[in-house]
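Student: Here it is, the structure, as structure tokens.
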Amino acid sequence: MESVKKLKKELKSKENSFNEIETINIKIKSEEELYSGYNYDKNEVLNPALGDFLLEKAEALPVKSKLRLKFFSDVNIKEHELFSAIKNKFKGEFENYQRKLKKTALFSLVVLILGILFLGLFILEEMFFQTPILSIILEIVSWVFIWEAVDAFFLQRSSLKEKRLQMARIYDAEMEVVNVDFDNIEK
């Protein structure tokens, strides 16, 4: 029980340090770890495993902190190519989540309108026809559509916004390459 309180206290103090720069250290032993194996002419596409690693690490850090990506390598890395590949990857992902947010908002609006129409039909049916089976069907359909609209707009969009924020954080991160001799360090 004591360890839970200690962990909560540590996390709370970390949350309060908003303007800190958090560093993600990345060890690179070969150029293949940086870029997709399908590149032909230029190293413009980031290795998916490296992209996943950066995203996983960024998600574990406080949301309001700025990121610094520090690449430690003993191979000659062309900084411009690496930084460009990272920016291309996360800019594309950011734009993808931006499109998903718009589609989800439009979907929720359409479904809400359908739900309201079915609710109107339900009210009209209750007032004029009073058919029990049709009433039950219209009531269920209207509430299902309305709930789907609420779910899409409030729940699904918040998840998409979080992911979009992570893409923006990595895109905007400070980046540096540090040349290291791993052979001497490991001995």
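The values are calculated or read from the model by the stated rules, or taken from the named source; none is laboratory data. What you see is a predicted model, and the numbers here were worked out from it, not measured in a lab. Virtual Cβ from ideal backbone geometry, glycine too; neighbours counted across all protein chains shown.
Student: Somewhere in the range 44-65, is a residue basic (Lys, Arg), out of contact with any Asp or Glu (no Cβ under 8 Å at 6 or more places or on another chain), within 18 Å of Ala173 (Cβ to Cβ) and at pLDDT below 90?
Tutor: Looking only at the range 44-65, we keep the residues that are basic (Lys, Arg), and these are 57, 64.
From what's left, out of contact with any Asp or Glu (no Cβ under 8 Å at 6 or more places or on another chain): 57, 64.
Now narrow it down to the ones that are within 18 Å of Ala173 (Cβ to Cβ): 57, 64.
Checking the rest, the ones that are also at pLDDT below 90 come to 64.
Scanning the range 44-65, I find at least one residue that is basic (Lys, Arg), out of contact with any Asp or Glu (no Cβ under 8 Å at 6 or more places or on another chain), within 18 Å of Ala173 (Cβ to Cβ) and at pLDDT below 90, so the answer is yes.
Student: Here is a further query. Mind checking which pairs have a first residue in the range 157-173 that is farther than 23 Å from Lys70 by Cα and a second that is part of a helix (DSSP H, G or I) and of a type in the set (A, V, I, L, M, F, W, C), Cβ under 8 Å, 6 or more apart or different chains?
Tutor: Arg157/Leu101; Arg157/Ala105; Leu160/Leu101; Lys161/Leu101
Student: (1) exposed (fewer than 13 other Cβ atoms within 10 Å of the Cβ); (2) assigned to a helix (DSSP H, G or I); (3) at pLDDT below 95: which one isn't true of Ile140, the others all being true?
Tutor: The one condition Ile140 does not meet is (3).
Student: Scan the range 104-126 and give yes if some residue there is assigned to a helix (DSSP H, G or I), within 16 Å of the chain's Cα centre (by Cα) and at pLDDT 95 or above, otherwise no.
Tutor: Taking the range 104-126 first, the residues assigned to a helix (DSSP H, G or I) are 104-126.
Keeping just the survivors that are within 16 Å of the chain's Cα centre (by Cα) gives 104.
After this cut, where a residue has to be at pLDDT 95 or above as well, the list is 104.
Yes.
Student: On the basis of being out of contact with any Cys (no Cβ under 9 Å at 6 or more places or on another chain), surrounded by fewer than 17 Cβ atoms within 10 Å (Cβ to Cβ) and of a type outside the set (A, V, I, L, M, F, W, C), does Gly115 make the cut?
Tutor: Against the criterion (out of contact with any Cys (no Cβ under 9 Å at 6 or more places or on another chain), surrounded by fewer than 17 Cβ atoms within 10 Å (Cβ to Cβ) and of a type outside the set (A, V, I, L, M, F, W, C)), Gly115 does not qualify.
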